[in-house]
């Protein structure tokens, strides 16, 4: 079931959201200071392509630098990516078949707002 949901997700929403993360990642990597944000974007783009079967957890070793980086990220890119996930989620929830996909889109909002200090792990 996970494979089927991931394939449907890939076609309906995953490619577009992953492309948005890649664009923000490339823009972030243009500066030396933005490289950690760019790496986070590429990591989340991978997750946005194939979200079913994986979860997001907080890293216990994340500190104040992650919090400061997340505030900066929220202002520059996070809000726009979260709006993209919200619009995509609402659109997907308009059909009964799309409800699990919409929920997956809503599941991506927290990591799009604050990606630093979080890790993507396989579901158990």
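The values are calculated or read from the model by the stated rules, or taken from the named source; none is laboratory data. On a predicted model such as this, the values are computed, not experimentally measured, just so you know. So basically every Cβ, Gly included, is an ideal-geometry build from the backbone, and we count neighbours across all protein chains shown.
Kindly check whether there is at least one residue in the stretch 13-30 that is touching a residue at least 60 places away in the same chain (Cβ under 8 Å), in contact with a strand residue (DSSP E or B) (Cβ under 9 Å, 6 or more places away or on another chain), loosely packed, with under 15 Cβ neighbours inside 10 Å and under 19 Å from residue 103 (Cβ atoms). For the stretch 13-30, residues touching a residue at least 60 places away in the same chain (Cβ under 8 Å), in contact with a strand residue (DSSP E or B) (Cβ under 9 Å, 6 or more places away or on another chain), loosely packed, with under 15 Cβ neighbours inside 10 Å and under 19 Å from residue 103 (Cβ atoms): absent. Given the structure, is residue 52 outside any helix (DSSP H, G or I), under 18 Å from residue 119 (Cβ atoms) and either in contact with a strand residue (DSSP E or B) (Cβ under 9 Å, 6 or more places away or on another chain) or modelled with pLDDT of 85 or more (or both)? The answer is yes for residue 52. Would a scan of the stretch 78-95 turn up a residue that is part of a loop (DSSP other than H, G, I, E, B), modelled with pLDDT of 90 or more and over 14 Å from residue 43 (Cα atoms)? Yes, the conditions are met somewhere in the stretch 78-95.
Among the residues here, residue 71 does not qualify as farther than 19 Å from residue 10 by Cβ, in a strand (DSSP E or B) and either out of contact with any helix residue (DSSP H, G or I) (no Cβ under 7 Å at 6 or more places or on another chain) or in contact (Cβ under 8 Å) with a residue 40 or more places away in the chain (or both).
Hey, among 33, 15, which residue is at pLDDT below 90 and farther than 26 Å from residue 123 by Cβ? Selected residue: 33, the only one of 33, 15 that is at pLDDT below 90 and farther than 26 Å from residue 123 by Cβ. Residues in the stretch 59-67 include at least one that is under 26 Å from residue 124 (Cα atoms) and touching a strand residue (DSSP E or B) at 6+ places or on another chain (Cβ under 9 Å). Within the stretch 73-105, the set of residues being under 21 Å from residue 3 (Cβ atoms) and under 12 Å from the mean Cα position of the chain (by Cα) comprises 104, 105.
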